[in-house]
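The values are calculated or read from the model by the stated rules, or taken from the named source; none is laboratory data. Everything quoted here is computed from the prediction, not taken from an experiment. Note that each Cβ is placed from the backbone with ideal geometry, even for glycine, and that neighbours are counted across all protein chains shown.
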Amino acid sequence: MNPHHKAEPQAPEHAGKILVIEDSLDQWTLFKKALEEVNPQIKPVLANKPQVAFDLLEECQQTGSGFPLLIVLDLYVPKRQDGWQALEVIHSMPASISQIPVIMFTSSTDLEDLIDAYQQGVQSYVIKPKTVSEWMDCCRILSDYWWQAVKRSRTNPH
């Protein structure tokens, strides 16, 4: 290590925001509590309707800051087509938004939904847990993968 080279200050590797597009307050509460317990530096932000998410993302685009590092999208918000439409809108936004990884987080075990999700560009398809223990495990895996295993460049944190 060069003693004359000063390391650039960096935010903690675990810091970041997740935009959660979820219409069920119960599901949101389980997700938020489990994620905060697993990694309190990850800040989940709720958008209970797709339009709320679009507004938040557009605000990030306008200010040039506050972008989530990850988007978690419920397929049924509240109807199945709403999730697909939300994904389409997100992917049509400027690159600073459309390149944010999207995880489809759903109760659907339908193989067609799984295939369609990957064909439409989601990075992961996760079946919603049923028990508190499963929520904890799911959020731990999510945190470990997206905040420890995946490395992002400084110029494109998404």
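A few notes on this one:
- Subset of the stretch 32-54 that is of a type outside the set (A, V, I, L, M) and in contact with an Asp or Glu (Cβ under 7 Å, 6 or more places away or on another chain) - its residue that is nearest to CYS138 (Cα to Cα): ASN48
- When PRO78, PRO129, PRO157 are screened for being assigned to a loop (DSSP other than H, G, I, E, B) and modelled with pLDDT of 95 or more, only PRO129 passes.
- Count of the stretch 29-75 residues which are part of a helix (DSSP H, G or I), of a type in the set (S, T, N, Q) and under 26 Å from THR109 (Cα atoms): 2
- Scanning the stretch 79-92 for residues that are within 16 Å of the chain's Cα centre (by Cα) and not aromatic (Phe, Trp, Tyr) turns up GLY83, ALA86, LEU87, GLU88, VAL89, ILE90, HIS91.
- The stretch 81-107, residues that are part of a strand (DSSP E or B) and farther than 20 Å from CYS139 by Cβ: none
- Residue that is among the aromatic types (Phe, Trp, Tyr), within 14 Å of the chain's Cα centre (by Cα) and more than 18 Å from LYS32 (Cα to Cα), where the choices are TYR76, TYR125: TYR125
- The residue list SER92, SER98, SER65 contains one member that is of a type in the set (Gly, Ala, Ser) and at pLDDT below 95, which is SER65.
- Yes/no for ILE141 being surrounded by 12 or more Cβ atoms within 10 Å (Cβ to Cβ) and either closer than 19 Å to ASP26 by Cα or free of Cβ contacts under 8 Å to residues at least 12 places away in the same chain (or both): yes
- Residue, nearest to the chain's Cα centre (by Cα), within the stretch 1-34, restricted to residues that are modelled with pLDDT under 95 and of a type in the set (A, V, I, L, M, F, W, C): ALA15
- Among residues of the stretch 87-114, those that are surrounded by 16 or more Cβ atoms within 10 Å (Cβ to Cβ) and within 18 Å of ILE127 (Cα to Cα), counted: 10
- When the stretch 67-85 is filtered for residues that are surrounded by 13 or more Cβ atoms within 10 Å (Cβ to Cβ) and either at positive phi or touching an Asp or Glu at 6+ places or on another chain (Cβ under 9 Å) (or both), the ones remaining, listed by number, are VAL72, LEU73, ASP74, LEU75, TYR76, VAL77, ARG80, ASP82, GLY83, TRP84.
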